[in-house]
Amino acid sequence: MRFRTKGASLAVLAYAEVAAMSLWFSASAVMPALREEVALSDFQQSAFTSAVQAGFVAGSLLSAILGLADRIEPRRFFTVSALVAATANAGILLVDPTSSTVLVLRFITGACIAGIYPVGMKIAAGWQKGDLGVLVGLLVAALTFGSAMPHLVNGLIVLDWRWTIAVTSLLAVSAAGAIQLAGTGPQMTIGARFDPGAALWAWKLPSLRLANFGYFGHMWELYAAWAWLGVFLDASFRLVMEEGAAITLARLATFATIAIGAAGAFAAGILADRVGRTAVTSIALAVSGLCSLTVGLFFGGPPLLLFVICLVWGVSIIADSAQFSASVAELSNRHLVGTMITLQTAIGFLLTLVSIHLMPVFVDLLGWRWAFAPLALGPALGIWAMLRLRAHPDAAKLAGGRR
């Protein structure tokens with residue numbers, strides 16, 4: 001059976017994205033518990049996340065060069081990717097968590113996610129009819145909630161970190177089954193010819209360049225914040241409460257901060273379709289950048305106050321994400337949408353490798369009070385790019401003329 005209606009297909013797609021994307025932070029979420037069991041260096045802690053980013057970059061670049069997202073039937077691509085990623089994630093349970101094998105498995109997981117996230121975007125775009133911002137916003141909302149899921153599992157199942165790895169692997173397997181039920185919309189294109197130079201269009205067109213620069217600024221901040229938020233909250237809460245309570249509260253607060261971004265992404269999609277993409281992305285970037293600058297000032301302070309600041313950050317930091325992908329889809333040749341989105345995400349995630357690994361350096365040099373402040377440079381770049389795009393003639397293609 002396969003759903004033929006837009007609503008049912010998108011609901012299934014959203015579930016599949018939530019379940020499959022739970023693999024992204026499965027290892028990062030268990031970091032505080034894992035550190036209690038084994039000794040991990042700062043590099044190893046960062047690498048639990050950055051290895052996934054590196055794998056995603058490698059997989060995305062390969063997919064973009066070969067045009068896989070526009071040449072392979074998307075559900076088949078998604079299914080194979082989800083099953084291989086689930087297997088690699090589960091493999092962590094079979095090896096020493098301090099070994100380099102774990103990083104290889106995380107790399108494989110990331111490479112396979114290149115066949116999940118951008119492909120899901122392409123499936124959603126196939127159903128668009130003047131509501132692309134909402135559709136892509138729905139997918140990013142699913143990605144956000146899926147990324148938060150390991151923190152919830154880890155917060156509720158406190159006996160052993162291995163349960164988090166096992167549960168997220170099973171979720172990814174269920175995603176591979178669920179995606180078979182999703183239909184593809186009338187705007188879907190498959191079977192584009194192989195053109196190794198197609199990816200260069202992302203740089204040839206000034207409007208596409210600006211949309212990509214906006215996304216790159218957004219990504220400089222996003223994953224470094226998500227990867228280190230749990231460690232930051234754990235360290236802050238331990239200063240003002242009993243250790244056991246601090247650990248559990250930090251896990252659940254991290255889940256809530258990331259998960260609430262799903263509402264931000266979906267709401268921003270609705271607003272962007274009605275108000276304009278460059279306006280919504282610029283506002284979201286300004287709010288999240290301000291949070292990066294100030295969240296550390298509340299380190300060691302009242303947990304409730306810090307939690308509220310983090311919730312504002314969680315809503316704004318991901319709210320703009322889908323609109324960069326929507327912008328690229330609207331500015332690109334229809335037959336290259338999958339490749340353009342894949343290339344955009346590949347380079348964006350390449351930047352995250354730098355910011356994630358710089359966070360321990362920022363913590364050592366600046367302390368937690370100012371460690372997140374350098375991440376605000378990304379939103380500053382993003383705002384500049386989106387305001388430049390707003391003034392470009394091609395901006396008339398965005399959201400039905402709503403810039």
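The values are calculated or read from the model by the stated rules, or taken from the named source; none is laboratory data. In this text, all values refer to a predicted model and were calculated from it rather than measured experimentally. Reconstructed Cβ throughout: ideal geometry from the backbone, glycine too, with neighbour counts over all protein chains shown.
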*Regarding Val275, is this residue among the β-branched types (Val, Ile, Thr), under 21 Å from the mean Cα position of the chain (by Cα) and surrounded by fewer than 24 Cβ atoms within 10 Å (Cβ to Cβ)?*
no
*Which residues, taken from segment 281-290, are in contact (Cβ under 8 Å) with a residue 60 or more places away in the chain and either closer than 14 Å to Leu375 by Cα or surrounded by 24 or more Cβ atoms within 10 Å (Cβ to Cβ) (or both)?*
Thr281, Leu285, Ala286, Ser288, Gly289, Leu290
*Scan Ile309, Ile270 and give me the residue that is over 16 Å from Ser325 (Cβ atoms), in contact with a helix residue (DSSP H, G or I) (Cβ under 7 Å, 6 or more places away or on another chain) and in a helix (DSSP H, G or I).*
Ile309
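Is it true that Val52 is surrounded by 23 or more Cβ atoms within 10 Å (Cβ to Cβ), at pLDDT 75 or above and either in contact with a helix residue (DSSP H, G or I) (Cβ under 7 Å, 6 or more places away or on another chain) or not in a helix (DSSP H, G or I) (or both)?
On the way: surrounded by 23 or more Cβ atoms within 10 Å (Cβ to Cβ): yes; at pLDDT 75 or above: yes; either in contact with a helix residue (DSSP H, G or I) (Cβ under 7 Å, 6 or more places away or on another chain) or not in a helix (DSSP H, G or I) (or both): yes.
The answer is yes for Val52.
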*Just checking, how many residues over segment 228-244 are more than 23 Å from the chain's Cα centre (by Cα) and aromatic (Phe, Trp, Tyr)?*
1
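Has segment 82-91 got any residue that is touching a Phe, Trp or Tyr at 6+ places or on another chain (Cβ under 9 Å) and either under 17 Å from Trp24 (Cβ atoms) or buried (at least 24 other Cβ atoms within 10 Å of the Cβ) (or both)?
Yes: segment 82-91 contains one or more residues that are touching a Phe, Trp or Tyr at 6+ places or on another chain (Cβ under 9 Å) and either under 17 Å from Trp24 (Cβ atoms) or buried (at least 24 other Cβ atoms within 10 Å of the Cβ) (or both).
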*Do you know which residues across segment 21-48 are modelled with pLDDT of 70 or more, in a loop (DSSP other than H, G, I, E, B) and either under 19 Å from Leu222 (Cα atoms) or not hydrophobic (A, V, I, L, M, F, W, C) (or both)?*
Ser22, Leu23, Trp24, Ser41
*asked:* Please verify whether Val354 is surrounded by 17 or more Cβ atoms within 10 Å (Cβ to Cβ) and not in a loop (DSSP other than H, G, I, E, B), treating the condition exactly as stated.
replied: no
*Is at least one residue of segment 154-175 of a type in the set (A, V, I, L, M), modelled with pLDDT under 70 and assigned to a helix (DSSP H, G or I)?*
yes
*Could you identify the single residue in Gly367, Gly382 that is crowded, with 21+ Cβ neighbours inside 10 Å, within 22 Å of Leu229 (Cα to Cα) and small (Gly, Ala, Ser)?*
Gly382
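For residues in segment 245-272 being β-branched (Val, Ile, Thr) and within 16 Å of the chain's Cα centre (by Cα), which is farthest from Glu330 (Cα to Cα)?
Step one: filter segment 245-272 for residues β-branched (Val, Ile, Thr), giving 247-248, 254, 257-258, 260, 270.
Add one more test, that the residue is within 16 Å of the chain's Cα centre (by Cα), and what stays is 254, 257-258, 260.
Numbers: Thr254: 34, Thr257: 30, Ile258: 28, Ile260: 27 Å.
Among them, the one singled out is Thr254.
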*Scope segment 203-233; condition touching a Gly at 6+ places or on another chain (Cβ under 9 Å) and charged (D, E, K, R); matching residues*: Glu221
*Within segment 43-98, work out how many residues are under 17 Å from Ala346 (Cβ atoms) and among the basic types (Lys, Arg).*
1
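Conditions (1) within 18 Å of Pro74 (Cα to Cα); (2) hydroxyl-bearing (Ser, Thr, Tyr); (3) at pLDDT below 95, marked per residue:
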site: Ser332; (1), (2), (3): no, yes, yes
site: Val337; (1), (2), (3): yes, no, yes
site: Ile347; (1), (2), (3): no, no, yes
site: His357; (1), (2), (3): no, no, yes
site: Pro360; (1), (2), (3): no, no, yes
site: Phe372; (1), (2), (3): no, no, no
site: Leu375; (1), (2), (3): no, no, no
_Checking Ser60 against (1) at pLDDT below 80; (2) surrounded by 17 or more Cβ atoms within 10 Å (Cβ to Cβ), only one condition comes out false. Which one?_
(1)
*What are the pairs, 6+ residues apart or on separate chains, where a residue within segment 64-80 that is part of a helix (DSSP H, G or I) has its Cβ under 8 Å from a residue that is crowded, with 16+ Cβ neighbours inside 10 Å and of a type in the set (Lys, Arg)?*
Ala69/Lys122; Asp70/Lys122; Pro74/Lys122
*Examine segment 218-231 for a residue that is in a helix (DSSP H, G or I), farther than 20 Å from Met359 by Cα and in contact (Cβ under 8 Å) with a residue 60 or more places away in the chain, and state whether such a residue exists.*
no
*Hey, could you check segment 108-124 for residues that are in contact (Cβ under 8 Å) with a residue 60 or more places away in the chain and not in a helix (DSSP H, G or I) and say which is surrounded by the most Cβ atoms within 10 Å (Cβ to Cβ)?*
Ile116
*Considering Gly314, Gly348, which residue is within 24 Å of Gly126 (Cα to Cα) and assigned to a helix (DSSP H, G or I)?*
Gly348
